1. Return yes or no: is Ala163 surrounded by 14 or more Cβ atoms within 10 Å (Cβ to Cβ), without any contact (Cβ under 8 Å) to a residue 40 or more places away in the chain and among the small types (Gly, Ala, Ser)?
2. How many residues, within segment 74-126, are open to solvent by 60 Å² or more (accessible area, probe 1.4 Å), modelled with pLDDT under 85 and of a type outside the set (S, T, N, Q)?
3. Would you please list the contacts, defined by Cβ atoms under 7 Å and residues six or more apart or on different chains, that run from a residue in segment 35-50 that is within 25 Å of Lys90 (Cα to Cα) and at pLDDT below 65 to a residue that is part of a helix (DSSP H, G or I) and not β-branched (Val, Ile, Thr)?
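The values are calculated or read from the model by the stated rules, or taken from the named source; none is laboratory data. From a predicted model like this one, the values you see are computed outputs, not experimental measurements. Glycine gets a Cβ as well: all are built from the backbone with ideal geometry, and neighbour counts include every protein chain shown. To get the accessible areas, we keep the full protein, side chains included, count just its heavy atoms, and leave off ligands, DNA and RNA. Shrake-Rupley method; radii C 1.70, N 1.55, O 1.52, S 1.80 Å.
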Amino acid sequence: MLQALLMIVVGAGVVVGGYAVVMTVPGFLTRRQMDRRLHDVSTPGGEDVTGDSSILKLATRGPLPALERLAAKTRAGTGLARLIEQSGTKTTPSMILLMTVVAAGLAAFAGSLTNVPFGGLVTGAIGALLPYGWLRNRRSARLRKFEEQFPEALDLLSRAIRAGHSFQTALGMVGDDLSAPVGPEFKK
């Protein structure tokens, strides 16, 4: 009796396992082939494309990937990601949050060494705002520089179009000829 039950369980396991293999392996192979094709298309000539020469937006990973995923789902996290992008810095929301915690902790420790009541709390709050203030300062500086370079970009764009170039080619010329922040923004 036990042998018959064991044979039924093994037989059912073989049937279910075979069905699972038949159903999942073709999808897995197709995804792997598609990933390989996309990698080949995104890297012309098999070279690794880095820097500003690629039009692909590469996702940067921070020191805490779980915090990165959590920040991407919240409104505050997407706002922080937008602020980072506008500031032109090469950092991630999780890195900014980590810097916020470290700066708040260090400032709170330094404030607690003084004999001022609530000194640690006040300096900790100020320390927590430092990375955010730094990002806002970088964004303001980048926007000022963009405003200074924008008339030159429009002039180059209009001259290229008057010379007979297509609009797309003219945008590419502006992206290649002008420095950051206008050049990379027109390239995007």
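1. Working: surrounded by 14 or more Cβ atoms within 10 Å (Cβ to Cβ): no; without any contact (Cβ under 8 Å) to a residue 40 or more places away in the chain: yes; among the small types (Gly, Ala, Ser): yes.
For Ala163, the condition - surrounded by 14 or more Cβ atoms within 10 Å (Cβ to Cβ), without any contact (Cβ under 8 Å) to a residue 40 or more places away in the chain and among the small types (Gly, Ala, Ser) - is not met.
2. Count: 4.
3. Listed by first residue and then by second, the contacts come to Val49/Ser42.
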